[in-house]
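Here is the structure we will look at, set down as structure tokens.
Since every read-out is calculated from the coordinates, none of them should be taken as a lab result. If you're wondering where the values come from, they're calculated on a predicted model, not measured in any experiment. Virtual Cβ from ideal backbone geometry, glycine too; neighbours counted across all protein chains shown.
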Amino acid sequence: MASRSSSWESAPTSPLPAGPYLGNAGPPPEWSGAPPGRVRPRRRRRWLARLVTVVVGLILLVALGVGALMLVTPSVGDAQARAQALDRQHHAVYPGPAVPSRFAAALVSTEDHRFYSEPGVDVFAIARLVEGRITGRPDQGGATLYQQLAKMLYTPGRSGLAVEAEQVALGIKLDLAYAKLQILQMYADVAYFGNDYYGLRQASCGYFGIRPAGLSWPQAAMLAGLVQAPTAYDPITHFAAARARQSHVLSRLVATGRLSQAQANSAYRQPLDLVGGPPGACPAP
């Protein structure tokens, strides 16, 4: 005779309907330790807190690094003397003529559109540069006009992360020591424009046979585009590449509001009047 226990165990069973504690409903709230709706917001808050901690830590590290670089890098009080020495070496006039507004606008729009508001360094460009190096994307550039000037005056021919960090510190020092117009003047006086032209005066006279004050928009855009790669964009030997670069500069002038699209289109169609003369071939005033 079967026991009551065995008969109970052998009795057929039927599935119970799904309820709050059965089936796909999962364990009751008290089993998981917190209501399901509150788990995700708490995780999100913890994640955000960690992210903020990491960002603040990185900012502090960068600030400490820049502070250390400010101490070990040289003073920039001799920047103008260095610019004069470079011009003397290249048989260029120092100081050169005042930087014309068209060239200044084309240069700033293309090379450093935050020039008039930044403290010698563009934090957004640096962040983009760091992100590009981490992700392996092409280098989009992040050097301000201050950093480019520091490279020409203090670190010519040197490269690498340590040198770039030094240029950041020197760029900040240049901003603290000189007015914006002085920075533009030194830059225009020592920049290389290809074809053995050093400084804006030699480039304007050599390429177009006119003084900088007489540069048209298409000519100013052409010269501003040369500083990135003077040899590759030399309009005498690489005219197609120079025209493509000129078009880019004109588009940047449109993007920054200095020209309308119609004005840029008109400037691109205007003749350049290239002459390709010697560096000192400039008409008398």
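What to note about this one:
- Per the Debye calculation on region 206-285 with a single equal scatterer at every Cα and no solvent contribution, log₁₀ I(q)/I(0) for q = 0.17, 0.23 Å⁻¹ amounts to -0.66, -1.11.
- Where labels lie 7 Å past Cα in the beta-carbon direction, separation of Val72 and Ile210 in nm: 4.9 nm
- Net length available on complete extension from Arg114 to Asp273 is 54.1 nm, with 0.36 nm assigned per residue and the Cα-Cα distance removed.
- Distance (nanometres) between label positions extended 7 Å along Cα→Cβ at Ala177 and Thr231: 3.0 nm
- Separation of the Ala262 and Trp47 label points, Cα + 7 Å toward Cβ, nm: 5.1 nm
- Per-residue packing, averaged as other Cβ atoms within 10 Å, sorts the ranges 190-201, 225-236, 173-184, 150-161 into the order 190-201, 225-236, 173-184, 150-161, beginning with the highest.
- Once the Cα gyration tensor of region 161-208 is diagonalised, semi-axes √(5λ) in Å: 26, 15, 5
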